[in-house]
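The values are calculated or read from the model by the stated rules, or taken from the named source; none is laboratory data. Computed from a predicted model, the values in this text were never measured in an experiment. Heads up, the Cβs are rebuilt from the backbone with ideal geometry, glycines too, and the neighbour counts pull from every protein chain shown. Remember, those area values only see protein heavy atoms, side chains included, never the ligands or the DNA or RNA. Shrake-Rupley method; radii C 1.70, N 1.55, O 1.52, S 1.80 Å.
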Amino acid sequence: MTETTAPIVENLRTSTTARIGWAVLIAAALYVCYFSHLGAIGFVGPDEPRYAWIARHMAETGDWVTPRLYGKPWFEKPPLFYWGAALCFKVFGVSEAAARLPSAISALLATLAMAWLALRLYGAETARWLLLLLPTTVGMIGFSHAAATDMPFSAMLTIAMVCAAVVLGLTRNENMPILPRTPWLAPILFGFFLGLAVLAKGPAAILLSGGAISFWALFTKRWRNAFRLLHPAAIASFCITALPWYILCARRNPNFFRIFIIEHNFKRYLTPEFQHIQPFWYYVPVLLVALLPWIAIFLWSLVKGSAKLWRTLNTSASTWLFLCWASFCLLFFSVSKSKLPGYILPAFPAIGLLISRDLNGDLQRRHNGIRWLCLAVGLTFVGLGVMAYRLNEKIPFVTDIRPAPTVVLFSLFLVLSGVVLGIRGLLRPGRVPLVLAAIVLPVFMTFGTENLWELDVGLSARPGAQSAMDRLPKTELASASTYKLGRGLKFGLNFYLHRELAEWSPPTGHSSIIFTSQGHTNELQQMGVRCFHYIAFPAVEICVDSSTIASSPGTLANGRQPH
């Protein structure tokens, strides 16, 4: 990636009005991308409802040490996310938005930390671009809206790496002083946030930060600077932050270290036991999708920077840190036997800073390639719109109108935006078309997502559970079961009905509510079970295994006839 060796001089045309405009635009983008629609869709996938259950149990019982799922100790992840979600439940009540709020706050903190580092190293303009580009990536939007450990882990590790950059001396030659000016603050904060990262996901935080900094020291020959991170203040801060929970949990649960360290860390990394098997190159397409809609800027920066690095075999110490940070994360998890998309989230902030710096440098130099870069960004939006329209049948909207109106609106908005941006970039390349491109997704998220309930019903167990709770007596729900539901939907029902549902087996002589998927209703009907459609294409359907059910079919089916 291209190198900017000194902070870029502020644009003389940047007036007070322009700065206010930037601030308003950035604040709106951060809010919309990270905090809007947090509760619009119910819990999706197997992780969100399980993690939310554990957090709710902590809030209800006051046991903040041992995570418990369905009453049993659950040591898959450390407690940082559970603590955050449980506190949000206590303050705001139990809801999807409260469960996802820790991830949204974590994304905001990581972005602000990287913007501060960009400001220190490369100037205000680069910091502004980072604050626009990073939050508007698909990866940051998606994971900031997930009730999972990925974003808290990534954020705490990111802030720790920002503190490490200060300890390594990379921000020392700036005119702006560190506040407050003390040699103890940066090591203490580094240890504190690294400890929080270990509380978010485990010892992977130490391996990722240690590996990245070790390669940085190898390439820059600055081993003495790297050893500053082992400052006694940093070690003490880390131990005070991370160790108490591990010690308490191990004392209360003798099998904690075996389950957490051996099974959920070493075995997860070294063996395919957890069934998340993917090829070595798996994270290449994951990274490209996560960086949408800025793939063109990323590839532009990658090609130019790689060519310059190959030609000169030299770059600045700060660039080496970001390269080692992102590359080691990608390589580390590519080697792993278990791969999930969220694992490489810690690489995003470093990549976001590099592409923001390179883009700003090219804009300042009025590089001829900016015209074609603007066109490529516009074509990316056009391609995304066409792809969304073509993949319409695979999107689980509840509506039986195809293509779904929301998909049509989204596709049309992206295509028109891409055409306008491409033409504007060709005619007058520069900041304006790229700023407009940065607000495309936030604008749609603000004005074009009225019908998210259609997606909710097709993805989440929340509407099915709510329909059952509204229409069925509690005595009948107490004996409800599931039949061949996917893990995510079953765990979702468990959360919403506040109990663990058993798997249904052939009739045993008593009535029972059965939650199943549309594809398995035929199997149940062949065994004498009645099933009802209460909406067009629900993720969860309600069936009854006896004709003696107390509720009338019309009440359960919302006026529709049983199959």
_Surface per residue (accessible, 1.4 Å probe) for the stretch 46-130, Å²_ = 30 Å²
*Could you work out, for the stretch 253-370, what percent of all Cα-Cα pairs fall into each 10 Å distance bin, beginning at 0 Å and stopping at the bin that holds the largest distance?*
12, 35, 28, 16, 7, 2, 0
_Rg and Dmax [Cα atoms of the chain; Å; Rg one decimal, Dmax integer]_ = 25.6, 82
*Could you provide, to the nearest whole Å², the per residue accessible area of the stretch 233-379 with probe 1.4 Å?*
47 Å²
*What do you reckon, how do Val284, Val540 stack up by accessible area (1.4 Å probe), largest on top?*
Val284, Val540
*Please go through the residue pairs Lys394/Lys474; Lys201/Lys304; Lys77/Lys484; Lys221/Lys308 and name each one whose alpha carbons sit more than 29 Å apart in this structure.*
Lys394/Lys474; Lys201/Lys304
*Dipole size in debye (nearest 20) for the chain around its Cα centre, Lys and Arg Cβ +1, Asp and Glu Cβ -1?*
1660 debye
_Tensor-based shape of the stretch 193-280 (alpha-carbon gyration tensor, a/c under 1.5 rounded, otherwise prolate or oblate)_ = oblate
*asked:* Need one word for the stretch 94-248: rounded, prolate or oblate. Basis is the Cα gyration tensor (sqrt eigenvalues a ≥ b ≥ c); a/c below 1.5 gives rounded, then a/b vs b/c decides.
replied: oblate
_Within-13-Å neighbourhood charge of Gly369 [Cβ basis; K, R +1; D, E -1]_ = +2
*Under the Karplus relation 6.51 cos²θ - 1.76 cosθ + 1.60, θ = phi - 60°, what is the ordered set of whole-Hz ³J(HN,Hα) values for the stretch 366-372, x standing for Gly and Pro?*
6, 4, 5, x, 4, 4, 6
*Separation in nanometres of the label points that stand 7 Å from Cα toward Cβ, at Val408 and Ala236*: 6.7 nm
*Heavy atoms only, probe 1.4 Å: what % of the accessible area of the chain goes to carbon and sulfur, would you let me know?*
67 percent
_Just to confirm, what accessible area per residue do you get for the stretch 456-510 at 1.4 Å probe, in whole Å²?_
46 Å²
*asked:* How long are the semi-axes of the equivalent ellipsoid of the stretch 371-500, defined as square roots of 5 times the Cα gyration tensor eigenvalues? Whole Å, largest first.
replied: 43, 14, 12
*Between Leu313 and Arg371, what is the FRET efficiency for a Förster distance of 30 Å, r being their Cβ-Cβ separation, to the nearest 0.05?*
0.45
*In the full protein assembly as shown, how much of Arg402 is accessible to a 1.4 Å probe, in Å² to the nearest 10?*
80 Å²
*Once the dipole of the chain is set up with Lys and Arg at +1 and Asp and Glu at -1 on Cβ about the Cα centre, which of Trp310, Met469, Pro396 lies farthest towards its positive end?*
Trp310
_For the pair Trp453/Arg390, report the inter-label distance in nm, with labels modelled 7 Å from Cα in the Cβ direction._
3.3 nm
*Mind checking which of Thr521, Gly422, Phe227 is farthest towards the positive end of the chain's charge dipole, using Cβ charges of +1 (Lys, Arg) and -1 (Asp, Glu) about the Cα centre?*
Phe227
*asked:* Restricting to DSSP H runs of at least four residues, report the calculated mean residue ellipticity at 222 nm for the chain, -39500 (n - 2.57) per run over all residues, nearest 500 deg cm²/dmol.
replied: -19000 deg cm²/dmol
*Using unit Cβ charges (K, R positive; D, E negative) and no other charged atoms, how large, in debye to the nearest 20, is the dipole of the stretch 371-520 about its Cα centre?*
600 debye
*asked:* Once ligands and nucleic acids are excluded and a 1.4 Å probe is used, how much of Leu185 is accessible, expressed in Å² to the nearest 10?
replied: 50 Å²
*Report, for the chain, the % of DSSP beta bridges that are antiparallel, rounded to 5.*
65 percent
*How large is the Kirkwood hydrodynamic radius of the stretch 135-175, in angstrom, based on all distinct alpha carbon pairs?*
11.9 Å
_Using the Cα centre of the chain as origin and beta-carbon charges of +1 (Lys, Arg) and -1 (Asp, Glu), tell me which of Leu157, Gly39, His145 is placed farthest towards the positive end of the dipole._
Leu157
*Over the alpha carbons of the stretch 52-161, what is the largest minus smallest coordinate on each principal axis, giving the biggest first in Å?*
51, 24, 22
*How would you rank 333-345, 229-241, highest first, on the average number of other Cβ atoms within 10 Å across their residues?*
333-345, 229-241
*asked:* How large is log10 of I(q)/I(0) for the stretch 50-103 at q = 0.19, 0.26 Å⁻¹ when the intensity is taken from the Debye formula with one equal scatterer per alpha-carbon?
replied: -0.51, -0.95
